[in-house]
Amino acid sequence: MAVPASIEAAVAAASRPYQLPAGFRPSYGTAGFRATADLLDSTMFRCGILMAARALKTRQITGICITASHNPAPDNGVKLVEPSGEMLCQEWEAYANELANAQSDEELASQVAGLLAKEGVAAPGAGTVMIGHDTRPSGPGLAAAAAAGVRCLGLEAQMCGLLTTPQLHWMVMSRNRGEPCGEGDYYAALAGAYKQLVAGSTSLGQTLYMDCANGVGASKMRELAAHLADAGLAVDLRNTGEGVLNGGCGSDFLQKDRQLPANFGDVPPGARCCAVDGDADRLMYFTPLEGGSHALLFDGDRIACLSAMLLRDLISALPPAAAQGVRVGIIQTAYANGAASRYIRDNLGCAVEVTPTGVKYLHEAAHHYDVGVYFEANGHGTVLFSRAFLEQMKQLSGKSRAAAELLALGVVVNQAVGDALSGILLVEAALRRKGWGLGQWAALYADLPSRQLKVTVADRTVIVTTDAETRVAEPRGLQDAIDAAVAGAPRGRSFVRPSGTEDVVRVYAEAESQAAADDLAAAVARLVHAQAGGVGPAP
Ligand code: G16
């Protein structure tokens, strides 16, 4: 399709205030682009163009979320939302990289023209891109840059302001489905379905303490909690914005350090606590341990197990013909604790699939089942129901309470993307329906002790992995050395992979004892440093 010369001229002219900083080479990583905020104006402008083109191509609304999630406050980034509410389809990631790295206004304009021609898209055209951001001070400015990109293809940039990442995904999904799609609708839908799920069960009673990572989750949970005041769920919000975003608090801090977050010193051991990250798409439960600053974690693996148990209870209460043959799958990554995977296979009898890190991979795999439960150990995840299964539940809901409850679960649990606020309701409903405290949840299985480390190298792309990131293909020889280190650790397992959100190589190790896991992680980190161009002193 021929692209009017005027579009090229319009893109080149609109691009002038958004110059690519010298030497900056943005790369679309695990969940979009990330960098320090001052580098990102051009990236946002170009992502605006990209998502406008995607809206034109699909003739539906797309979305852009400005966030660097669990990364430090001076960073920022962008997550790109498909019309379905899922993350940008992987085929378009190459366009994202190409546009983000164009070296001049003219090169960008010609690449945009090439993209439009290749995709058979006419521009300028009509459509909408919804844009939200987290609490980072750089958010509104970067959102304005993205909006300029959207407008230069003639589309409307709808500025949605402060939202959690999953709220924006949910709003895009709901609007394209023609369903109620405002922020208020989100709270009403989740709270209404939660009440249906817990009707008839006794409230867990105690307060839920929530670490909001000093991020957007604080104000949004306050609004959700207001809808739940009559449902027996009392939430005490901590780290609501008075401190540094993700600083000494939040789900990533907890998972990596296993220390109590800031402002939890007065919370009694055994209390039910949870933590989210900076954009509220990760969830971790925890409880303070006796006599110290440590926390017992209930990570994504454990949330997956609890979800699978809730599903098993509900599915087994369906009429026998409907219960038979429902395919439930659990999707994990290499970070899943070996004890959790064994428990799922041996005790829950569910299929376990392993994908590379990144919700885009897990989410895709979860679609292969009637009910796909996916959680990364770091707390990213959700439960996806196939359309056919939901349709079947709709047909049955008049005569089967379990079918109606499964439908409600499909509303509580965000169907677009992992969502910490929706995840809280999932966990609370599952515990409450079972009448369980944290003790019973913890007793499902004992985690193998594990350790995660980061190694800084000159160029993390020298590490190439295979087999869902469980093995290193390059540099040659590194995997053999890791295998030798693992062989020396009782029940040892270790892998390394380049992060897609930080400029580091990640190291994971687990073994029979904490000391053995720590030693194995340190040994593997030294191997990475020595064989993959480590920077600074060896770990
Ligand atoms: C993002 C992705 C997650 C991934 C995490 C860490 O999370 O959405 O799927 O687990 O990055 O990725 P990596 O190890 O490659 O840095 P978030 O919370 O930062 O958006």
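Values as computed for the structure displayed
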read-out: Sites ALA199 and MET159 - FRET efficiency at Förster radius 35 Å, r taken between beta-carbons, to 0.05; value: 0.35
read-out: Given charges at beta-carbon only (K, R positive; D, E negative), |dipole| of the range 450-531 in Debye; value: 40 debye
read-out: Linear extension gain, ARG312 paired with LEU39, 0.36 nm per residue minus alpha-carbon span; value: 93.5 nm
read-out: Helical mean residue ellipticity (222 nm; -39500 (n - 2.57) per DSSP H run of 4+; nearest 500) of the chain; value: -12000 deg cm²/dmol
read-out: Prolate/oblate/rounded label for the chain (Cα gyration tensor, a/c 1.5); value: oblate
read-out: Modelled FRET efficiency - R0 30 Å, ASP467 with ALA388, Cβ distances, 0.05 increments; value: 0.45
read-out: Cβ-Cβ FRET estimate between ARG222 and ALA323, R0 fixed at 60 Å, reported to 0.05; value: 0.95
read-out: ASP346-SER110 pseudo-label distance in nm [points 7 Å out on the Cα-to-Cβ vector]; value: 6.2 nm
read-out: Spatial separation of Cα centroids for the range 434-449 and the range 141-168, in angstrom; value: 42 Å
read-out: Size of charge dipole - the chain - debye, nearest 20, with Cβ of Lys, Arg +1 and Asp, Glu -1, no other charges; value: 940 debye
read-out: Net charge of neighbours whose Cβ lies under 13 Å from the Cβ of PRO137, counting Lys and Arg as +1 and Asp and Glu as -1; value: -2
read-out: Cα gyration tensor category, rounded, prolate or oblate, for the range 450-531 with a/c compared to 1.5; value: prolate
read-out: Vicinal HN-Hα couplings computed from phi for the range 105-120 (Karplus, 6.51 cos²θ - 1.76 cosθ + 1.60; Hz; Gly/Pro x); value: 4, 5, 5, 4, 4, 6, 5, 4, 4, x, 4, 4, 5, 5, 8, x
read-out: Gain in span if fully extended, ASP185 to ASP266, counting 0.36 nm per residue against the direct Cα distance; value: 25.6 nm
read-out: Amide H within-cut-off set for ALA280, under 5 Å, with H built and near neighbours excluded; value: GLY217
read-out: Residues of the range 402-423 with amide N under 15 Å of a point placed 7 Å along Cα→Cβ from GLN395; value: 403-404
read-out: Electrostatic dipole magnitude of the range 300-442 [Cβ: Lys, Arg +1; Asp, Glu -1; Cα centre; debye, to 20]; value: 340 debye
read-out: Separation in nanometres of the label points that stand 7 Å from Cα toward Cβ, at ALA487 and GLN90; value: 3.3 nm
read-out: Ascending count of other beta-carbon atoms within 10 Å, so fewest first, for ARG222, ARG238; value: ARG222, ARG238
read-out: Exposure proxy order (Cβ contacts within 10 Å, fewest to most) of ARG342, ARG151, ARG46, ARG54; value: ARG342, ARG151, ARG54, ARG46
read-out: Amide hydrogen neighbours beyond the local backbone of GLY127, cut-off 5 Å, H modeled; value: GLU156
read-out: Likely footprinting exposure, MET171, MET87, fewest C-beta neighbours within 10 Å first; value: MET87, MET171
read-out: Amide hydrogen neighbours beyond the local backbone of PHE33, cut-off 5 Å, H modeled; value: VAL78
read-out: Distance violations [Cα-Cα > 32 Å] among LYS118/LYS454; LYS394/LYS434; LYS57/LYS399; LYS256/LYS434; value: LYS118/LYS454; LYS57/LYS399
read-out: Approximate spin-label separation ALA22-GLN206, in nm, with each point projected 7 Å along Cα-to-Cβ; value: 5.8 nm
read-out: Length gained when the stretch ALA229-ALA122 is fully extended (0.36 nm per residue, less Cα-Cα span); value: 33.6 nm
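Readers should treat all values here as calculations from the given coordinates under stated rules, not as data from a laboratory. What you see is a predicted model, and the numbers here were worked out from it, not measured in a lab. Counting neighbours? That spans all protein chains shown, and the Cβs are built from the backbone with ideal geometry, glycine included.
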